[in-house]
Amino acid sequence: MNHQPSPPPAEWFKTLRRTRLGEQCLKTCPLECVDLLKRSRVAFQAGRTLKESFRLAQLEALVRMLEDNECDFVDALARDLQKPRFETVLSELIFVKNEAFHAINNLKKWMQQQHVERNLTTTLDECVVVSEPLGVVFIRGAWCNPVHLCLVPLVGAIAAGNCAIISPSELTTHTAECLHRLFPFYLDNECFHVTLLGTNDLPAVMELKFDHIFFTGNKEEGTKIAQAAACSLTPVTLVLSGKNPCYVDQQCEIKATAERIAWARFHNAGQSMVAPDYILCHEDVKAQLVQALKGCVTHFYGTDPKESSSYGRMVNVEVFNRTRDQLLKSGKLAVGGQVKEAEKYIAPTVLTEVEENDPIMQLEICGPVLPVLTVKNIDEAISFINKREKPLCVYAYSSNKKVISRLMTETSSGSFCSNDSVLQSLMVALPFGGVGASGTGSYHGRHSFDTFSHRKSCLLRSTRFECVTCLRYPPYEDRNLSLMTWASTLSQKSKGWCQIL
């Protein structure tokens, strides 16, 4: 039974009137986190989250929160990002609900002990792996998808039996307020909390010694989080943005390729961690691809995307200015390029004649700009990708299976998708996360459960058969060593003994 929810602190509402770079900014004293951590720790130590029934009830409540308040979330994301309802429902709400339903349907199986292989000396014992919750976890979401990047990790934390403190990005003010307001009415008030923090508060909060930190954001902020967490040996999962390459082969269906790339790059006004960041296009099809991309922009958003109800805006002036500067200082305009600072509007843009040293190729793109570079062959594309830091995603478009296989096996990335974009990050059954500079750890489905669990190895023995175990005791004899070696070594023969016994 939930306690009567308390209203958000008055101090926080005052901060809504403050501005930073023209945008609303959230600030909460980290002392609030100290109190929330203490409350959560008490609830966890009391065993409040351990029962399967409790976890199921919280997951079901999370789904109800999204269903009951769909209009509130749609409105909040429209105010923060001018995000169309279509995108909010599909990429935010349904995605979270699917994760929750998957966890609800599989929780009993995930919580079961896993029996492992034994050798002869442990044949009559029980060897199991037990998934136990870590404790109180901290989840920081990113602003580009402020609902699902907070709540999908939360699904895993709840399923694994943890308490959790959620910190939405301060850049999406209205969505953060919506989560802060609704949580107390649906989730257990002692175990699950939303705290409203600025980015600068995070390193200090990391010193509070959580049991796990889950962070989604850029590399610079992720580095600071990891450094702060290392001081207290707190484990971290980092999902970091980067420059996701997209190779377009000469053997591909140009129209479908252009549609799928344009959708992935320009939805949410290009503010996505998993969108293609740049195209490596085979020189033979560059002209056709650019022309097809131009047609897609017109088909998706009309002749003036600024007037389209299907097209969003940049989250704040800072991100707008950064993307505009990258755009103006790189390559040649082939599509779009129009900007309007007062509306934080940047048109869907395609750049050609882009050089490797251009500003657009130095940092990840947080807006609707798509650079197109040309390569002579698949070897040059692979070499280009491997010279750079490992990305979160690699995409490849080709009807040649050998080309797809080479891109998949000869490059390293957090995830890979052929002949489409983004969808691999939405699959509940596939682990999603980075590698190298794009992050560490993974989540989604069972992988989220494992991320927020400690897999404890347990050997359950009795004191019987001391006549056998005494062979390991001093004084040591060669005969005993031979017997112990035979009994404790895994081999085909010992497996046979296990099966017989």
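Placing +1 on the Cβ of every Lys and Arg and -1 on the Cβ of every Asp and Glu, with nothing else charged, gives the stretch 269-337 a dipole about its Cα centre of roughly 160 debye.
Within the chain, helices built from complete DSSP H runs that reach 18 Å or longer along their own axis (Cα positions) and carry a mean Kyte-Doolittle hydropathy of -0.5 or higher are 31-45, 52-68, 95-111, 173-186, 286-301. Here is the list for the stretch 300-397: trypsin sites (Lys or Arg not before Pro) lying in DSSP coil, each with at most 15 other C-beta atoms within 10 angstrom of its C-beta, are K329, K376, K387, R388.
Note on T223 and D420: the model spin-label points, each 7 Å out from Cα along the C-beta direction, lie 3.6 nm apart.
Kindly put F266, F416, F44, F192 in sequence by how many other C-beta atoms sit within 10 Å of each C-beta, fewest to most.
Working: F266 29, F416 17, F44 21, F192 26.
If I rank by nearby Cβ atoms, fewest first, I get F416, F44, F192, F266.
Taking each residue as 0.36 nm, the span from L430 to V116 lengthens on full extension beyond its C-alpha to C-alpha distance by 110.7 nm. Label the stretch 345-434 by shape, choosing from rounded, prolate and oblate, from the square roots a ≥ b ≥ c of the eigenvalues of the Cα gyration tensor; if a/c is under 1.5 it is rounded, and otherwise prolate applies when a/b is larger than b/c, oblate when it is not. Because a/c hits 1.5 or more and a/b fails to exceed b/c, the stretch 345-434 counts as oblate. Rounded to the nearest 20 debye, the dipole size of the chain about its Cα centre is 760 debye, using +1 on the Cβ of Lys and Arg and -1 on the Cβ of Asp and Glu.
List the pairs from K332/K376; K294/K344; K224/K332; K51/K219; K255/K402; K376/K401 whose alpha-carbon separation is above 27 Å, in the order I gave them. Table pairs above 27 Å Cα-Cα are K224/K332; K51/K219.
Between the entries (i) 30.0; (ii) 26.0; (iii) 28.4, the label attached to mean projected area of the Cα convex hull in nm² calculated for this structure is (iii).
For A256 and K209, the difference between the fully extended length at 0.36 nm per residue and the C-alpha to C-alpha distance is 12.0 nm.
Using 0.36 nm times the number of residues separating E353 and D68, minus their current alpha carbon distance, what extension gain do you get? If you can, show how the numbers build up before the last one.
Working: separation 285, 0.36 × 285 = 102.60 nm, distance 4.91 nm.
My answer for the length gained is 97.7 nm.
As a proxy for reagent exposure, ranking T451, T199, T175 by other Cβ atoms within 10 Å from fewest up yields T199, T451, T175.
Let's test the formula: R0 of 51 Å, r as the Cβ-Cβ distance of R464 and D379. What FRET efficiency results, to the nearest 0.05? Display every interim value, and only then the final one.
Working: r = 64 Å, r/R0 = 1.25.
FRET efficiency, R464 to D379: 0.20.
Qualifying GluC sites (Glu not before Pro) in the stretch 110-216, where qualification requires a DSSP coil assignment and no more than 16 other C-beta atoms within 10 Å, comprise E117, E207. Take every Cα pair under 8 Å whose residues are at least 6 apart in sequence, average their separation, divide by the length of the chain, and the relative contact order is 18 percent. For T237, nonlocal amide neighbours, meaning residues 5 or more places apart or on other chains whose placed amide H falls under 5 Å from its own, are I213, F214, F215.
What's the FRET efficiency of E341 with T409 using the Cβ-Cβ distance as r and R₀ = 45 Å, to the nearest 0.05?
Details: r = 45 Å, r/R0 = 0.99.
Using R0 = 45 Å, I get an efficiency of 0.50.
All of the numbers you see were taken from the coordinates with simple rules; none came from a lab. Every value quoted in this text rests on a predicted model; they were computed, and no experiment measured them. Cβ coordinates were reconstructed from backbone atoms using ideal geometry, including for glycine residues, and neighbour counts include every protein chain displayed.
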